[in-house]
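Visitor: Pasting a structure here, questions to come.
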Amino acid sequence: MARKTMSSFDIYSWVNTSGKLILGQRVDNAYYEGRFVLLKIKTKISDFLLIEPSTRIHFTKRIRPSSEFVNKPFAMLLRKYIRNEKINSVEQIGFDRFVKIGFSSENLFAEILPKGVVVLTNQENQILGATKYLRFKDREIKTKMNYIFPKIIEKRPWELNFEEILNNISKYKDIARGLIMGLNLPGEVAEETLYLSGISKEANPLSIDKVNIEQIINNVKKLIDMSLEGKGYVYFVNEKPIQATPFLSKSVLESGGKMIEYESFDIALDDYFNMVSEVVNTKIEEEKSKILHSIEENKILSSKYIEESQKLEKDAQIIAQNYSAIEEIVNCINKNNKNCKNVVKIDNKEKYAIIDFNGELIKVYFDDSLDKTIIRLYKEAGELKSKSKKAISSIDDMMKRLNELELKIEVEKVKNLIKNRRKEWYEKYHWIITRNNFLAIGGKDADQNESIVKKYLNDKDIYIHADIHGSPSVVLFTDNNDVKDDDINDAAILAVAYSKAWKAGMGSIGVYWVYGNQVSKSPPSGEYLSKGSFMIYGKKNFLKPFNVELYIGVAFKEGIPIIISGNEENIKQKSIVYAKILPGEKSQKEVAEELKTEFSKLDDKEKIYMLALDENEIMQKIPGKSRIIFVKKGLNKNKIDLKSNFSGSE
């Protein structure tokens, strides 16, 4: 069965590898959407630290702040206290699933324990806020109260002496339980240690001697050493993921399991939890279950009403066809004769009787004439038919609601796929994939412009810039290949649309390109270049003026919808739907919301994908205040994936 949470050993590994990377780093921002806490911290692994209470803590390339990360109180609290604050310490509390991140005046505690929370305290250990406010038997999570640790494992198993180890494991019937329950080693570590030590999991702890103990501890330490290398491994049994570990597991591999190796334990965890995550909105599922139950009940009820109405109509027909004989029985009942033939039941309160007439049980009212009884029975039959129609009508309404819920469930699944999609290294920049599958990236600010050129621009790459101050530096990666004019034009739109020309409302603007070896950070003697500015030496290749416009579309990557932007020729080829926007008066948020709505209307076949789109992702593609000119269907009808295996990963 797949492991659903990080273990104490995983936490030990993470704190002593990735945890050290953030020492001295500042928290640029904080987000919370009810499940995930995200801290924006720049590292070589990723820019977002993910904390999911009770489950995990690691850097993520999949989860990003989306429209669901609204201004929740806890997010606002984190921004108030720790945004722009430097991280002074990262430590595991004891040997448990419990991490403390220390700042100058506050501490952030991440409980990866069952019913765990994320808690922010001041230096006096007073709770400033938490993801949830809970009351336990021995502690309470509440603002202004002192934060009390849950019961935790204090000692690391490999630091115990021989007598302590022997005493702890001997209480259990086999050595595996002894290591897991007695020494508090996670199951995957205990099993691997015993496998490496050549000791059966079923071995009696009383048969374990000092040599065996030393062997076990030495193998635990080997796993520790391996876990401090920072690598990660995801394991599969029968093609299903079972665990992610910071060490190589021979016990799984040599018993037929498979493995994927990662350069970073964080990314292994990121991928693993994405594989095993169950997208279940319990409220929606509960409502769906209730509706399904109600539909079945109403079907049964409707059938019952029809059967009862048909029986009453049949009774009325039998009475009409056998009027005299039945009248004689009714007269007998009215004389209070207890020996009336064929009478099965008499209800003196409702004034009716059930009689057996030639094997048919029929209902007759004895307080009225048979003529009125017949009319009454037909009336009751009609009322039951109306009830049956109402039940059927209710089923129709419930089916509509059920269809809405099923659509919502499917949309939620796609939303989760979008949220957990592994982001490529270049997606932190403005980016585009040209018609001939060349990657181009552009800086979002002066810092990014600086880093793009310094970090990525090679001599034979193409550098593109709009003929205006305040344009992104765009690098078109050639991989030492010849690129066509179409590719340069595709990439140039980044320099145009995301320049100051958009906010200025300009109609068109010039653009030039040069080779990478013509770009330098070295100014002429006596001059100074500000951050993000460069000197161009040699001939500039000017392109014809570009209209200040942008096309935004929905493409697919690994079957997941993503938002792309560029010129029309490129975007319509790659998208299932796309839109043209120009500088305008509507905010980015308003335009993003409108685009999502219009995309959903235009493509019924892919409506689920359109409804699941993240408005924040759309907003990031919109250069500034805009207006929508049109929305059209794209030419990518088969949801062909974008190429994404570009080099240059950070």
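Bear in mind that the values in this text are calculations on the coordinates, not laboratory data. Quantities reported herein were computed from a predicted structural model and do not represent experimental measurements. Here the Cβ positions follow ideal geometry from the backbone for every residue, glycine too, while neighbour counts run over all protein chains shown.
Visitor: Using Cβ counts within 10 Å as a stand-in for footprinting exposure, how do Asp467, Asp397, Asp482 rank, fewest first?
Guide: The order, fewest Cβ neighbours first, is Asp482, Asp397, Asp467.
Visitor: Per 10 Å bin, what percent of the C-alpha pairs of the stretch 127-170 does each bin hold, from zero upward?
Guide: 23, 31, 17, 23, 6
Visitor: So what is the relative contact order of the chain, in percent, for Cα pairs below 8 Å that sit 6 or more residues apart?
Guide: It rounds to 9 percent for the chain.
Visitor: List the trypsin sites (Lys or Arg not before Pro) within the stretch 89-178 that DSSP assigns to loop and that have no more than 15 neighbouring Cβ atoms inside 10 Å.
Guide: Qualifying residues, ordered by number: Lys115, Lys132, Lys137, Arg139, Lys142, Lys144, Lys151, Lys155, Lys171, Lys173.
Visitor: The stretch 157-276: Rg/Rh from Cα coordinates, Kirkwood Rh?
Guide: So for the stretch 157-276, dividing Rg by the Kirkwood Rh gives 1.01.
Visitor: Let me ask something else about it. Would you mind checking Lys40/Lys601; Lys400/Lys607; Lys40/Lys419; Lys240/Lys290; Lys80/Lys455 for any pair whose Cα atoms are more than 27 angstrom apart?
Guide: Lys40/Lys601; Lys240/Lys290; Lys80/Lys455
Visitor: Can I ask one more? List, in the order given, every pair from Lys299/Lys379; Lys231/Lys428; Lys596/Lys632 whose Cα-Cα distance in the structure shown is over 18 Å.
Guide: Lys299/Lys379; Lys231/Lys428
Visitor: So, one more: Bin by bin, in steps of 20 Å, what percent of the Cα pairs in the chain do you find, going until the bin that has the longest distance?
Guide: Result returned by the calculation: 15, 34, 26, 15, 9, 1, 0.
Visitor: Send over the semi-axes of the stretch 425-633's equivalent ellipsoid, whole angstrom and largest first, taken as the square roots of 5 times the C-alpha gyration tensor eigenvalues.
Guide: Output for the stretch 425-633: semi-axes of 31, 18, 15 Å.
Visitor: Same structure, new question: By counting other Cβ atoms within 10 Å of each Cβ, how are His293, His430 ranked from fewest to most?
Guide: Fewest-to-most ranking of His293, His430: His293, His430.
Visitor: Run the reach check for Lys210 against lysines, Cα to Cα strictly under 30 Å, same-chain hits fewer than 8 apart removed. What comes back?
Guide: Here the lysines satisfying the reach criterion relative to Lys210 are Lys155, Lys171, Lys173, Lys201, Lys221, Lys222, Lys250.
Visitor: I've got another one for you. When Arg627, Arg64 are ordered from fewest to most other Cβ atoms inside 10 Å of their Cβ, what list results?
Guide: Arg627, Arg64
Visitor: Say the dipole of the chain comes from +1 at the beta carbon of Lys and Arg and -1 at that of Asp and Glu; which of His430, Ile112, Gly178 then lies farthest toward its positive end?
Guide: Among His430, Ile112, Gly178, the one farthest towards the positive end of the dipole of the chain is His430.
Visitor: What FRET efficiency comes out for the pair Leu292/Asp138, r = Cβ-Cβ distance, R0 = 45 Å, nearest 0.05?
Guide: Plugging the Cβ-Cβ distance into 1/(1 + (r/R0)^6) gives 0.60.
Visitor: For n ≥ 4 DSSP H runs only, could you compute -39500 (n - 2.57) per run for the chain, divide by its residues and tell me the 222 nm figure to the nearest 500?
Guide: -12000 deg cm²/dmol
Visitor: In the stretch 476-516, which residues have a backbone nitrogen under 19 Å from the label point lying 7 Å from Lys544's Cα in the Cα-to-Cβ direction?
Guide: Zone members listed by number: 484-497, 507-513.
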